[in-house]
Amino acid sequence: MKIISLVVFVLALIGSWFLAHRDTPIPEAVHQGIQNDLKRVISEYVQKNLPNSKNLVFKKFWTEALQKNRVKASFVYSFDDTNDTSGPINMEIEGYGILNKVSENAESSEWSLDEIHVLNNGLEYKEALKITPKADADEPSQ
């Protein structure tokens, strides 16, 4: 029984070594470049569409290879914004994007952002939002 346990342990050890040292389909530098470019694109989009926004923070941002020419970039970011009706708020957005490789040459590769999915977003009001219920005109008074 001890010999079987030892053989299973050695096979698991060898298997994990091969998994850890296998060639990755997409180099780490490409992942880093995709992350930096997507952060820039998101920052520019938020600033353009919400000019009063500030304190943009990327809480989580990671990429993973789905296939040799396909990458999933997941993110969670937040920022502060103000408007006339609700006052100051903190907005947090969670989602992911799918990128496909368009072209590649010796110096760089080009990727297209084909899909973006927002999974969750939340608002935190900095000042209490006051809600006053009003009786509906169609409902009879009691």
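Please treat every number below as a calculation from the coordinates, not as lab data. All values reported here derive from a predicted model rather than from experimental measurement. Glycine gets a Cβ as well: all are built from the backbone with ideal geometry, and neighbour counts include every protein chain shown.
The distance between label points at Ser112 and Phe58 comes to 2.3 nm (points 7 Å beyond Cα on the Cα→Cβ vector). Exposed loop sites were defined as GluC sites (Glu not before Pro) in DSSP loop states (anything but H, G, I, E or B) carrying at most 13 other C-beta atoms within 10 Å; in the chain the longest segment without such a site runs 1-106. May I ask which residue of Ala12, Ser78, Gln35 lies farthest towards the positive end of the charge dipole of the chain, with charges of +1 (Lys, Arg) and -1 (Asp, Glu) on Cβ and the Cα centre as origin? Selected residue: Ala12.
Rounded to two decimals, what is the ratio between the C-alpha radius of gyration of the chain and 2.2 N^0.38 Å?
Values: Rg = 24.4 Å, N = 142, 2.2 N^0.38 = 14.5 Å.
Normalised Cα radius of gyration, the chain: 1.68.
Within the same chain, aspartates and glutamates fewer than 8 places from Lys130 are excluded, and of the rest, those with a Cα less than 17 Å from its Cα are Asp84.
The GNM of the chain, with springs linking C-alpha atoms under 10 angstrom apart, assigns the highest mean-square fluctuation among Ile131, Ile89, Ile42 to Ile131. Other residues whose C-beta falls under 12 angstrom from the C-beta of Ser43 contribute a net charge of +2, scoring Lys and Arg +1 and Asp and Glu -1.
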